[in-house]
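Visitor: This structure is in structure tokens; I'll ask about it shortly.
The values are calculated or read from the model by the stated rules, or taken from the named source; none is laboratory data. Bear in mind that the values here come from a model prediction, so they are computed numbers and not experimental data. Cβ placement follows ideal geometry from the backbone for every residue including glycine, while neighbour counts extend to all protein chains displayed. Ligands, DNA and RNA are excluded from the accessible area calculation, which covers all protein heavy atoms including side chains. Shrake-Rupley method; radii C 1.70, N 1.55, O 1.52, S 1.80 Å.
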Amino acid sequence: MKISVIIPVYNDPSGIDATLWSVMEQDHSDYEVIPVDNNSTDRTPIVIREWAHQYPNRIHPASEHDTQSSYAARNAGIEAAQGEIIVFIDADMAAPSYWLTDVREAFSTSEADYLGYEVDVYVPEDEAGFWGWYDTVMGLPSRYHYEEKQFVPTSCLAVRHTVFDQVGRFDETATSGGDKEFGQRVHRHPDLTTDFRSDIKVFHPARTTFEAHRAKALRVGRGLARLCDPSTGLGDSKSVLLELLLHIVPPDPRRIAQRARDLPPHRFPALYVADWLLRYLRLYGALTYFLNQ
């Protein structure tokens, strides 16, 4: 069972370098790696070329220069992929050596067409601080997304190649929310099966600054607004609009308490206030989308 690993990247030479180191250490033998440069303006294309020169039979670079979007870059990777299984990972992430072996086993022993799994968020060395700690507690709850919202982030997603023939590819005009819209499209399809595996895991560095969290919150808010905009024809606009409107009320303390159950009680207030702040930033991002339409 051949696997294609697709890595979209924009202006992140150290990130793509680290991820390629990780992906090239896999136990599974039948796989290809497709780094997709999304029109980078720094050394990123050079790093990719150096890796491809070293491993020409394994690394097959692709590019997306027309549309600035990670989803457009993923679509370019899908177009080039030869594998039966398509696996996505982001530049700057890492995976254990048995990652692809576990993915192959999951598809070999089940009828799943769309497979999500865990993301372990960690704080890079010398970057400890409040926002990095916040991200390790609250960031990338892939199982929650799968169970409650019928999708997983593309950073922890594997899909049979045939799925794209049945439901189409990612919305390449999206800057955020494309993984949600695609996942819900798959979930609605009567002939496709989804699954989640807690025993498969990849690793993502935490966002360690407020500015990084702020930028993500605004981007996610704009993505949610776009999904509930009837003019785009994307997803279930009514349910997304309800989700967005719920950002007006404070976060449910029970949800945060569940995520913080192993933390000392005195850490809870700071976690709650930070989550509340980012919630309103997502709402502000959504409002800027509608005001610009």
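Visitor: Filter the stretch 272-293 for residues that are open to solvent by 80 Å² or more (accessible area, probe 1.4 Å) and in contact with an Asp or Glu (Cβ under 9 Å, 6 or more places away or on another chain); which is nearest to Ala225 (Cα to Cα)? Don't jump to the end; show me each part of the working.
Guide: Of the residues in the stretch 272-293, the ones open to solvent by 80 Å² or more (accessible area, probe 1.4 Å) are 273, 276, 280, 284, 287, 290-293.
Narrowing further to those that are in contact with an Asp or Glu (Cβ under 9 Å, 6 or more places away or on another chain): 290, 293.
Values: Phe290: 7, Gln293: 11 Å.
Result: Phe290.
Visitor: Return the residue satisfying two criteria in turn: it lies in the stretch 30-46 and is buried (at least 18 other Cβ atoms within 10 Å of the Cβ) and hydroxyl-bearing (Ser, Thr, Tyr), and of such residues it is farthest from Ala62 (Cα to Cα).
Guide: If we take residues in the stretch 30-46 being buried (at least 18 other Cβ atoms within 10 Å of the Cβ) and hydroxyl-bearing (Ser, Thr, Tyr), then Tyr31 is farthest from Ala62 (Cα to Cα).
Visitor: Check Ala91, Ala95, Ala72 and return the single one that is open to solvent by less than 20 Å² (accessible area, probe 1.4 Å), in contact with a Gly (Cβ under 8 Å, 6 or more places away or on another chain), of a type in the set (Gly, Ala, Ser) and farther than 15 Å from Val159 by Cβ.
Guide: Criteria check complete, one pass: Ala91.
For every residue, the table says whether it meets (1) among the aliphatic types (A, V, I, L, M); (2) farther than 26 Å from Lys180 by Cβ.
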{"residue": "Pro8", "(1), (2)": "no, no"}
{"residue": "Pro13", "(1), (2)": "no, yes"}
{"residue": "Thr19", "(1), (2)": "no, no"}
{"residue": "Val47", "(1), (2)": "yes, yes"}
{"residue": "Glu50", "(1), (2)": "no, yes"}
{"residue": "Asp66", "(1), (2)": "no, no"}
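Visitor: Can you say whether Met138 is within 30 Å of Arg279 (Cα to Cα) and either out of contact with any strand residue (DSSP E or B) (no Cβ under 6 Å at 6 or more places or on another chain) or of a type in the set (Ser, Thr, Tyr) (or both), as far as the supplied structure shows?
Guide: So Met138 fits the description; yes.
Every residue, every condition in (1) among the aliphatic types (A, V, I, L, M); (2) out of contact with any Phe, Trp or Tyr (no Cβ under 7 Å at 6 or more places or on another chain); (3) in contact (Cβ under 8 Å) with a residue 60 or more places away in the chain, yes or no:
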| position | (1), (2), (3) |
| --- | --- |
| Ser176 | no, yes, no |
| Gly183 | no, no, yes |
| Arg188 | no, yes, no |
| Thr194 | no, no, yes |
| Arg197 | no, no, yes |
| His204 | no, yes, yes |
| Thr208 | no, no, yes |
| Glu211 | no, yes, no |
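Visitor: Filter the helices (runs of 4 or more DSSP H) completely within the stretch 175-265 down to those with at least 3 residues that are crowded, with 16+ Cβ neighbours inside 10 Å and either touching a Cys at 6+ places or on another chain (Cβ under 7 Å) or of a type in the set (A, V, I, L, M) (or both). Spell out the reasoning first.
Guide: Details: elements: 178-188, 210-227, 237-245, 253-259.
Those helices (runs of 4 or more DSSP H) span 210-227, 237-245.
Visitor: Also, quick follow-up: Looking at Val103, is it among the β-branched types (Val, Ile, Thr), in contact with a helix residue (DSSP H, G or I) (Cβ under 8 Å, 6 or more places away or on another chain) and either on the phi < 0 side of the Ramachandran plot or in contact (Cβ under 8 Å) with a residue 40 or more places away in the chain (or both)?
Guide: no
Visitor: Step by step: first the residues of the stretch 156-174, then only those that are assigned to a loop (DSSP other than H, G, I, E, B) and at pLDDT 95 or above, then the one that is most open to solvent (accessible area, probe 1.4 Å). Which residue is that?
Guide: In this case the residue turns out to be Arg169.
Visitor: Please find, within the stretch 98-138, the residue that is nearest to Pro269 (Cα to Cα) out of those that are crowded, with 18+ Cβ neighbours inside 10 Å and small (Gly, Ala, Ser).
Guide: Ranking the candidates gives Gly132 first.
Visitor: Identify, please: which residue in the stretch 110-146 is at pLDDT 95 or above and closer than 17 Å to Arg160 by Cα and is, among those, farthest from the chain's Cα centre (by Cα)?
Guide: Ala112
Visitor: Only residues in the stretch 143-163 that are farther than 20 Å from Glu105 by Cα count as the first member; pair them with residues that are part of a loop (DSSP other than H, G, I, E, B) and open to solvent by 20 Å² or more (accessible area, probe 1.4 Å), Cβ under 7 angstrom, at least 6 apart or cross-chain, and list the lot.
Guide: From the stretch 143-163, the pairs are Pro153/Leu140.
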